[in-house]
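Notes for the one structure printed next.
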Amino acid sequence: MRGRKAARRVTLAVLVVLGLVVAEGVPASAAPQGGDPVKDSKALRKKVTVAGIRKHQQALQQIADANGGTRAVGTPGYDQSVDYIARKARAAGYRVTLDEFTYVAEFNEGSPPVLEETAPEPQVFTPGSRPAYDGDFVTFTGTGDVTAPVQAVDLVLPPGADPNTSTSGCEPEDFAGFVAGNIALIQRGTCAYTQKAGNAQNAGASAIILFNEGQPGRTAVPNNLPLGAEGVHIPGVGTSFDVGVDLADPGTVARVKTEVLETLATSRNVIAESRGGDPNRTVVVGAHLDSVPEGPGINDNGSGSGGILDIAEQIAKLHIRPRNKLRFMWYGAEEIGLVGSTKYVEELTQEQKDDILGMLNFDMIGSPNFARFVYDGDGTAGPAGPTGSGFIEDVFLDYFAAVGLFNEPTAFDGRSDYGPFIAEGIPAGGLFTGAEVPKTAEQLAQYGGLAGVPFDPCYHDACDTFAGTGDGPDATAPGLALVALDQMSDATAHGVLTMAMTRADVRNTPN
């Protein structure tokens, strides 16, 4: 593995250097300097600053403050965020379009859900009964009434000692051997509920039953299951650990019935394209713009949104002419199921998909208790990305090696806007500083901060604020967000410029 990567990186460095094109008037420090891509990005990295990104984050905080503390899709706070990004990108000289899409703004319960075991021991699970089932919760679901055999999906029974032990349903491979038409019995843990549901639907499940994981405090019906989810059309219910264990018995047949009503709305992605660059070799640089309803989302994802906006502005100020067209994108409705990016990719023709050289994703690059994660394009930490994703990964790995910064791979787990791109075979990569997973003692030794505390202690919470991501008295402990933002924005700028200038046929570069 090490030898293969080293060989690929030599090729990468040569191809990047051969691909550099610089406009007249660019400072000499921005021109090629003897075949070193890291030196070639030095001028841009110098111009991309924490202060510049924080200015954009502060503007997003002010927008949230004026609109009930949120910038969630469907709110005035999101619409004003779109206007802010579009205005700044136009002022920098980019061709800006607002890409409108339709999404499900609201799910309502048309009738209470039903969960029954019909065989071998018929029983109806009703709210407040034993085994406990809370009919107020309908998960991930469309409308349907299904009676079918129950098939367990990668369960951990008895549960592990720690929460998030179960990875049930998190990977498509969990459904190997799944019988189409069966009801998927899935255990809580590790990944998003909607990810489990999407994998089940893709495997041919007719319905979903999701039960709690089983550790102390995680035995009742999960209290944060979403009512419906964009793109998931099969019925599904959530239930307790005890009910899940009962239904896991071989030969169980169950009935799942739901009625979910949808209210549609429209929103917008922001697209800002460079005026130059080969349109047949387009580099998409993306970050989601919306927050969760609970807060202003200044790390998630004001850090990525502000970061790529500052990079776009500085590329324009340096008069850098990219060889490959740059398409900066700020997606809406990521927090309710990657809706903006999914709708965008769905509307592309095959020719337009083929024109995308690669997709760079920057969702959270300033987490207060951060780590340096690089998306694992070649599959050393999980499934590999599409062909060419290893090339993109090496752009970042080579940069971190050159500047002496430890980093770790993170798998393509489908939780951010690269998902719809890699599903269409488009190579992707990017950076991430961590979310709800606690930092380990080993990671503490590399990055500092607090072990046993999430990488972002305010992930999806009201405290994800401008002050909380700073270094003052109100900063979220341990207040390393500005260190993360400084280091990761430099790596982001290097990656964007490298991809903008490369001659490599990234799409046909083996991982």
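The values are calculated or read from the model by the stated rules, or taken from the named source; none is laboratory data. Keep in mind it's a predicted model, so treat the numbers as computed, not measured. Because the Cβ atoms are built from the backbone with ideal geometry, glycine has one as well, and the counts that use them run over all protein chains shown.
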Practice task
Have a look at 69, 77, 3 and point out the one that is outside any loop (DSSP other than H, G, I, E, B) and modelled with pLDDT of 80 or more.
Solution key: 77
Practice task
State which residue pairs qualify: first residue at positive phi and inside the stretch 346-373, second residue small (Gly, Ala, Ser) and at pLDDT below 95 in any location, beta carbons under 9 Å apart, and separation of 6 or more residues or different chains.
Solution key: 364/416; 364/435
Handout entry: Residue satisfying all of: in the stretch 233-263; of a type in the set (S, T, N, Q) and at pLDDT below 95; nearest to residue 111 (Cα to Cα) among these
Key = 258
Handout entry: Selected residue [more than 18 Å from the chain's Cα centre (by Cα), buried (at least 21 other Cβ atoms within 10 Å of the Cβ), modelled with pLDDT of 95 or more and over 25 Å from residue 294 (Cβ atoms)] from 358, 388
Key = 388
Problem - The listed residue being assigned to a strand (DSSP E or B) and under 25 Å from residue 156 (Cβ atoms), out of 237, 283, 260 - result: 237
Problem - Close pairs from the stretch 423-436: first assigned by TED's automatic domain parsing to the domain that holds residue 392, partner outside any loop (DSSP other than H, G, I, E, B) and among the basic types (Lys, Arg), Cβ under 7 Å, at least 6 apart - result: 424/353; 426/353; 427/507
Fill in the blank from the handout: For residue 428, the lone unmet condition from (1) aliphatic (A, V, I, L, M); (2) within 24 Å of residue 174 (Cα to Cα); (3) modelled with pLDDT under 95 is (3)
Practice task
Confirm whether residue 395 is under 25 Å from residue 469 (Cβ atoms), among the β-branched types (Val, Ile, Thr) and touching a residue at least 40 places away in the same chain (Cβ under 8 Å).
Solution key: no
Practice task
Quick one: in the stretch 455-511, of everything that is more than 28 Å from residue 65 (Cα to Cα) and of a type in the set (Ser, Thr, Tyr), which residue is surrounded by the fewest Cβ atoms within 10 Å (Cβ to Cβ)?
Solution key: 509
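Look at residue 178 and say whether it is over 28 Å from residue 108 (Cβ atoms) and aromatic (Phe, Trp, Tyr).
Values: over 28 Å from residue 108 (Cβ atoms): yes; aromatic (Phe, Trp, Tyr): yes.
When the stated conditions are applied, residue 178 passes them.
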Handout entry: Hits in the stretch 169-192 - residues which are outside any loop (DSSP other than H, G, I, E, B), crowded, with 22+ Cβ neighbours inside 10 Å and either among the β-branched types (Val, Ile, Thr) or under 19 Å from the mean Cα position of the chain (by Cα) (or both)
Key = 183, 186
Handout entry: Answer from 256, 270, 285 - the residue that is surrounded by 24 or more Cβ atoms within 10 Å (Cβ to Cβ) and under 30 Å from residue 118 (Cα atoms)
Key = 256
Exercise for the section: Would you please name the residue that is surrounded by the fewest Cβ atoms within 10 Å (Cβ to Cβ), looking only at residues in the stretch 288-325 that are among the polar types (S, T, N, Q) and either free of Cβ contacts under 8 Å to residues at least 40 places away in the same chain or out of contact with any strand residue (DSSP E or B) (no Cβ under 7 Å at 6 or more places or on another chain) (or both)? Expected result: 314
Exercise for the section: Could you look through the stretch 464-511, keep only residues that are part of a helix (DSSP H, G or I) and small (Gly, Ala, Ser), and pick out the one that is nearest to residue 378 (Cα to Cα)? Expected result: 495
Problem - Flag if residue 337 is closer than 23 Å to residue 421 by Cβ and either assigned by TED's automatic domain parsing to the domain that holds residue 466 or in contact with a His (Cβ under 6 Å, 6 or more places away or on another chain) (or both) - result: yes
Completion exercise
Sole miss for residue 250 among (1) in a loop (DSSP other than H, G, I, E, B); (2) touching a residue at least 24 places away in the same chain (Cβ under 8 Å) is condition (2)
Problem - Where a residue in the stretch 177-196 is within 16 Å of residue 248 (Cβ to Cβ) and its partner, wherever it lies, is assigned to a helix (DSSP H, G or I), with Cβ under 7 Å and at least six apart - result: 184/200; 185/244; 185/247; 186/196; 186/200; 187/244
